[in-house]
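Comments concern the structure below.
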Amino acid sequence: GSITTADGSALVKLGNTTVICGVKAELAAPAADSANKGYIVPNVELPSLCSEKFRSGPPGEEAQAASQFIADVIENSQMIVKEDLCIANGKLAWVLYCDIICLDYDGNLLDASVFALLAALKNVQLPSVVINEETGLSEVNLKQKTPLIIRKHPVATSFAIFDDTLLIVDPTAEEEDLATGTVTIVTDEEGRLCSVHKPGGSPLTGAKLQDCITRAITRHKEVKKLIDKVIKSITPK
Amino acid sequence: GVLERSREQQLRQTCEAVVLGVLHPRTAITLVLQVLSDAGSLLSCCLNAACMALLDAGLPLCSLFCGVTCALGPDGTITLDPTTRQEQVSAGRGAPVCPPGPPDHLAPQEARAVLTFAIDSRERKVLMSTTKGSCSVEEMQQCLAAAQRAADTVFQFYRDSLRRRYSKS
């Protein structure tokens, strides 16, 4: 991937919006109540270099809401099943730290972040880990790597709403500022809805929402084809 | 945490869409929501509380809104305003973490998806939408239709409460 020190990474450009995602895999003990599950920890950062709207310091509301959205997409779509990240029940599991950093903010952050996350996870190669029976310690073999099992491929499509009627797909920052609302639809390859994210904004009828969903399903096919083409073109490490 | 921030953003943008802010320039409207107890459908409860508080404050609103949560059962049944137990979304693998208490054999199984909508009072349009779990497009439309019908009951409750409040001096 783009970041050589990460276990998996991807850089996505949607128009001018540029988002990079790096995935680091670390080992941890699973939680007591879910002994066979690993962890996926997404974090979206909007540093001050990406836009004059963001100051440096603790994450603002947009970054936190975006992090929650990404966590929800991973959970709802079941793109990575946490049980697949378990190495030894109750003792050892993988933790995937997914850092999504915006390098250039020109609107439509959520779509770009979801694409970057999906592409980065497809790029991840996990080393094989064996627990030594005698010492009880884990032995990591960096020479033997396996890719992550990605079960579903969610794709997000965002729309900006103007005056309750006009919908613009993939809005730029200027269009977002002038819009009266936004809606993001996340679909998977079976046409199932993983998320209908409409955080307030001007009201939409059920019919208009259905329009958005239909377009989102069409867009899913185009994006999936593009991701598959790019993944196939890069040679594995 | 990030979940509270996400909820705050949803509530704020929903309120911003209905409050006629142009009538109050250079004014800050602060809405403080304190959760006293959470027994499920928390976000729709917050939405209803927010709307009633805005009404109580006498702020000019272009429409009212109400929150309705729908839990989609594994067999396709829709449960409105689910309890915490009914809201547990399971992906079909492993048991959901149930809140402690005696086993509730009468309660339906864990939900496949939980959808929360904020519906406006003028034309029953969707102001806000959040989903947990995944569902098909038809199921989502069914839940939305159910939520729009349920909104009538909630708006009637608003009317009754306000009538009671202003009938005694």
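Below is a table of values for the structure above.
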{"read-out": "Some residue of the range A:178-201 being part of a helix (DSSP H, G or I), out of contact with any Lys or Arg (no Cβ under 9 Å at 6 or more places or on another chain) and either more than 9 Å from every other protein chain (Cβ to nearest Cβ) or exposed (fewer than 15 other Cβ atoms within 10 Å of the Cβ) (or both)", "value": "yes"}
{"read-out": "In the range B:31-52, the residues that are aliphatic (A, V, I, L, M) and closer than 23 Å to B:PRO82 by Cα", "value": "B:LEU33, B:VAL35, B:LEU36, B:ALA39, B:LEU42, B:LEU43, B:LEU47, B:ALA49, B:ALA50, B:MET52"}
{"read-out": "Criterion violated by B:LEU55 - all others in (1) touching a Leu at 6+ places or on another chain (Cβ under 7 Å); (2) assigned to a loop (DSSP other than H, G, I, E, B) satisfied", "value": "(2)"}
{"read-out": "A:SER128 being of a type in the set (Ser, Thr, Tyr) and part of a loop (DSSP other than H, G, I, E, B)", "value": "no"}
{"read-out": "Residue match in the range B:135-147 (condition: under 15 Å from A:GLN210 (Cα atoms), outside any helix (DSSP H, G or I), free of Cβ contacts under 8 Å to residues at least 60 places away in the same chain and touching a strand residue (DSSP E or B) at 6+ places or on another chain (Cβ under 8 Å))", "value": "yes"}
{"read-out": "Which numbered condition A:LYS24 misses (of (1) in contact (Cβ under 8 Å) with a residue 60 or more places away in the chain; (2) assigned to a loop (DSSP other than H, G, I, E, B); (3) basic (Lys, Arg))", "value": "(2)"}
{"read-out": "Filter result (within 12 Å of another protein chain (Cβ to nearest Cβ), assigned to a helix (DSSP H, G or I) and free of Cβ contacts under 8 Å to residues at least 24 places away in the same chain) within the range B:1-33", "value": "B:VAL2, B:LEU3, B:GLU4, B:ARG5, B:SER6, B:GLU8, B:GLN9, B:ARG12, B:GLU16"}
{"read-out": "Residue check for A:ILE70: crowded, with 16+ Cβ neighbours inside 10 Å, closer than 28 Å to A:LEU27 by Cβ, out of contact with any His (no Cβ under 7 Å at 6 or more places or on another chain) and modelled with pLDDT of 95 or more", "value": "yes"}
{"read-out": "Selected residue (only one of A:SER56, A:SER51, A:SER9 is modelled with pLDDT of 90 or more and out of contact with any strand residue (DSSP E or B) (no Cβ under 9 Å at 6 or more places or on another chain))", "value": "A:SER56"}
{"read-out": "Test: residue in the range B:34-45 that is farther than 17 Å from A:ALA65 by Cβ, acidic (Asp, Glu) and either free of Cβ contacts under 8 Å to residues at least 24 places away in the same chain or part of a loop (DSSP other than H, G, I, E, B) (or both)", "value": "yes"}
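The values are calculated or read from the model by the stated rules, or taken from the named source; none is laboratory data. From a predicted model like this one, the values you see are computed outputs, not experimental measurements. Positions of Cβ are generated from backbone atoms using ideal geometry, with glycine treated the same way; all protein chains shown enter the neighbour counts.
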